[in-house]
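Q: Have a look at this one before I ask anything.
All of the numbers you see were taken from the coordinates with simple rules; none came from a lab. If you're wondering where the values come from, they're calculated on a predicted model, not measured in any experiment. Reconstructed Cβ throughout: ideal geometry from the backbone, glycine too, with neighbour counts over all protein chains shown.
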Amino acid sequence: MMKNLNVKFFSMLLFAALMSVSFTACGGDDDDDPIDNGRNDDNGTGIVNNGGKGNEKLTPEEEKKFLDETARLFLSYFDANDFQDLVNVSKQLETVSDDDKVFDKWAEGFLSNTLTGIEEAHASSYNYDMYLKISYYDRLLVASNFNGKFSASYNGKWKKDGESNDLILSFTDKDNVEWVMTVKKSGNIKGKIHASNSSSGSYVDKYKYSEQRYNNYIEIPENVNVIVTRQGKEQINIKLNVASMGIKDGQYDITSSLNATATVNVVGYNFEVAFNSAPNAVSTFNVTLKKNSTLLYSQKLSARVIVDGKNLSDVKDAKCEIDVLGRVQMNLASDNALDLSNALNGESNYDEDGNCDAWDLEKMKVHAVEASKALNKAYIANNGGNAEQATINFTTEEYDEYWQNYWQHKGKSYRVVPALNFADGTSYTFDKYFTEAAFSGTIDSFNDLINRFKKLDK
């Protein structure tokens, strides 16, 4: 059985990635304006710590300062105002007609003609004469239905202007500026995949309620390209390519190969993802984030996925490499993700008497040792150098008290957590190193950026 090994292990890698981004990407200053968008280390920000020469080991406090300053430099690339026009037009589209449901009804039309598997499951009577009738449907969004030319003016109504192999929506905003969204598709249909569940209902009369429940599926074309322009200037460009993808019963088949790429470019922010996997072979998942031509963040994840029959049974030779602005790197590797997963999941183990491992400190210490052994390589470096600023292993910490039978107090609970180890011999768990006090400027700056995005909708 899979035993959640892939979920737990890759969650750990994602957690590490998030730690790298969160604490090297959420810096800030105390001014009302974001950091000036210059790109030198001292950029008017006071950033002078260069993190050493790449082969120089810093003290824990020096490294903490470098991480915080890298964060402020990272955040300086993001400007909420870049997205103001997109927010404005999206708000205006909500009032595109007297009946703001017109566009929704038009979109719903793509689905209404593709209902399949209609089945009235049951009708239940309860509360005297009141009853609930539930009908179940499979609903498919057909890619070939995404076509035609439609247009609307500000406060006008959508109208169909003609036929097209693509879907073309044009909209004139309140400033008489034209926006055009084009959805292009090409290549073979790779299958249909389950996208969501939804429901709707209404009262037939005072006591009788009818409900429709839908399993929503969507066809996956080989190529999809979504382009949004403002006065002919590109604002959004999304490209999806699915070279190979196995689908069974509407779900992705993990025992098949998957080769897919996605590129999202929104007002100069470029996000690219490439996923390539095959059973019993090395699978890769690579991510990059750029602002214009500047690489802000990259992640390379690879692992050998072992399939037993139709089940994922193990993940071997897992590696993760993360880079932030070329200033901070994180490397993680595990030869056997199953051992790592079992160790990290140890706190949820129960013996035959119903005792949990998390209640036993000595057992949790063993799990921490096992997890550390399974994590073959884990360290943070600066400026692409070979010096390991901090290595990562696992230790235990007390995190809660537990109760048995909801009233009988029994003792303390423990868990396995990652820790940073520095060259001077000191060691810190993540929550002891990345404290709110040490990174208060980071946190304030991050919250400030979020608030700036919120103000876009005012």
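Q: Working out 0.36 nm times the residue gap between residue 178 and residue 295, then minus their Cα-Cα distance, what length gain in nm do you get to one decimal?
A: Here the answer is 39.0 nm.
Q: List the equivalent ellipsoid semi-axes of region 319-458 in whole Å, largest first, each obtained as the square root of 5λ for an eigenvalue λ of the Cα gyration tensor.
A: Semi-axes (√(5λ), whole Å): 33, 24, 14.
Q: While we're here: What does the convex hull of the alpha-carbon atoms of region 140-251 project to on average, in nm²?
A: For the Cα atoms of region 140-251, the hull's average projected area reads 10.3 nm².
Q: Something else about it: Going Cα to Cα from residue 185, which lysines come in below 24 Å? Please leave out same-chain ones fewer than 8 positions away.
A: Straight-line reach from residue 185, under 24 Å: 105, 149, 159, 160, 233, 239, 248.
Q: Could you give the radius of gyration (one decimal) and Dmax (whole number) of the Cα atoms in region 183-325, in Å?
A: For region 183-325, the Cα-based Rg and Dmax read 20.1, 63 Å.
Q: Within a Cβ distance under 14 Å of residue 193, other residues only, what is the Lys/Arg minus Asp/Glu net charge?
A: In short, -1.
Q: Right, another one. Where Lys and Arg each count +1 and Asp and Glu each count -1, what net charge lies around residue 367 among other residues with Cβ under 12 Å from its Cβ?
A: Net charge in that neighbourhood comes out at -2.
Q: Report relative contact order for region 176-276 in percent, whole number only (criteria: Cα-Cα under 8 Å, sequence separation at least 6).
A: 25
Q: Express the relative contact order of region 282-340 as a whole percentage, based on alpha carbon pairs under 8 Å and six or more residues apart in sequence.
A: That works out to 27 percent.
Q: With 10 Å bins from zero, work out the P(r) of region 340-381 over every alpha carbon pair and list the percent per bin.
A: Taking every Cα pair in region 340-381, the percentages come to 29, 46, 19, 5, 1.
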